[in-house]
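Take a look at the structure set out below.
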Amino acid sequence: MSDLVKAALLGIVEGLTEFLPVSSTGHLLLLQRFFGFSDDEFGKTFVVLIQLGAILAILSIYFAKLWTIFMGMFHDPGARRFVIGVLVAFLPAALVGAALHSVIKDYLFNAWVVCFTLIAGGAVLLWIDQLDLRPKYNDATQFSLRTYLIIGICQCFAMIPGVSRSGATIVSAMLLGADKRSAAEFSFFLAMPTMAGAFTLDLIKNHDQMTANNVALVTIGFACSFVAGFIVVKTFLDYVSRHGFALFAWWRVIVGSIGLVFLAIGF
């Protein structure tokens, strides 16, 4: 299988998993290991860079709403408060990511870590689905600033591959009073500055790896990520509102368990 085909498949997986609570980075790291695709430093960079396609998928879907909020923040206190809320939620990950970027990539981008955190995260999702929560928020733009900040702090746990950024933000939002739909939608909004920041930081630190061949691989992965991410964002909110997280929880447990078996036998 050529590297271009592998890059396309990884891009599809990125787009399909980025906004689901299953950990896109975890899935990509496992697939890269089993594909033997870019085992060097570029492999880790590739995982981060193709996330831009998923970011643009959200932006294209929510552009009208985001534009209204952006223009409204100059005269609408509600819009201004939401923009501040997103920035407040983004700040913890920005600080931790900038401070620990090298440590995270050197020590936590590890298949064993991914498998264990996938299984643990699946257990958390099954637990959250069983709770009798009584939401007080049904609009992602109406959370309190304290809620936005705590969600942002919880998002930092997703720097451990396999935890899932969307999973951490959705679970924390629900525990703080959001219903499933608004929790998932805010996860989408918070993804944009968070993933854009990770993309920019990684590109700056690893721009020397952008050879013509590597740029082609990232471009293919980016395009496939955009298409797959667009499909998921369009369908995920309705699905999770009706059915909860059990499907994603068991998927995490199964993938993590299979991964451990393969790692144990030295694959």
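Derivation of every value follows stated rules applied to the coordinates shown; laboratory data play no part. Model, not experiment: these values are computed from the prediction. Don't worry about glycine lacking a Cβ; one is built from the backbone with ideal geometry, like all the others, and counts go over all protein chains shown.
Worth a mention:
- Relative exposure of Met71, Met159, judged by other C-beta atoms within 10 Å (fewest first): Met71, Met159
- Charge dipole (debye, nearest 20) of the chain; +1 at Cβ of Lys and Arg, -1 at Cβ of Asp and Glu: 580 debye
- Structure remark: mean-square fluctuation, Gaussian network model of the chain, C-alpha springs under 10 Å; the largest value among Leu100, Leu217, Leu203 belongs to Leu100.
- Size descriptor, Kirkwood hydrodynamic radius, that averages inverse alpha-carbon separations across segment 90-168, Å: 14.2 Å
- Stokes-Einstein diffusion coefficient of segment 3-264, Kirkwood radius over Cα pairs, 20 °C, 1.002 mPa s, in µm²/s: 116 µm²/s
- Pairs of Cα atoms nearer than 8 Å and 6+ residues apart set the relative contact order; for the chain it is 38 percent.
- Sorted by Cβ neighbour density within 10 Å, fewest at the top, the residues Ile254, Ile151, Ile265: Ile265, Ile254, Ile151
- Cβ-based net charge around Gly177, under 15 Å, with every Lys or Arg adding one and every Asp or Glu removing one: +1
- Here the contact order of segment 33-190, divided by its residue count and restricted to Cα pairs under 8 Å and six or more residues apart, works out to 26 percent.
- Segment 222-267: proportion of alpha-carbon pairs further apart than 18 angstrom, %: 55 percent
- Sum of side-chain charges, Leu247 neighbourhood, beta-carbon under 14 Å (Lys, Arg +1; Asp, Glu -1): +1
- Highest-MSF residue in the chain out of Gly197, Gly11, Gly167 [GNM, Cα springs under 10 Å]: Gly197
- Fewest-first ranking of Asp132, Asp179, Asp139, Asp238, using other Cβ atoms within 10 Å as the exposure measure: Asp132, Asp238, Asp139, Asp179
- Choice from His101, His75, His243 showing the highest fluctuation, given a GNM over the chain with Cα pairs closer than 10 Å: His75
- Here the dipole of segment 102-209 is about 180 debye; that uses its Cα centre as origin and unit charges on the Cβ of Lys and Arg (positive) and Asp and Glu (negative).
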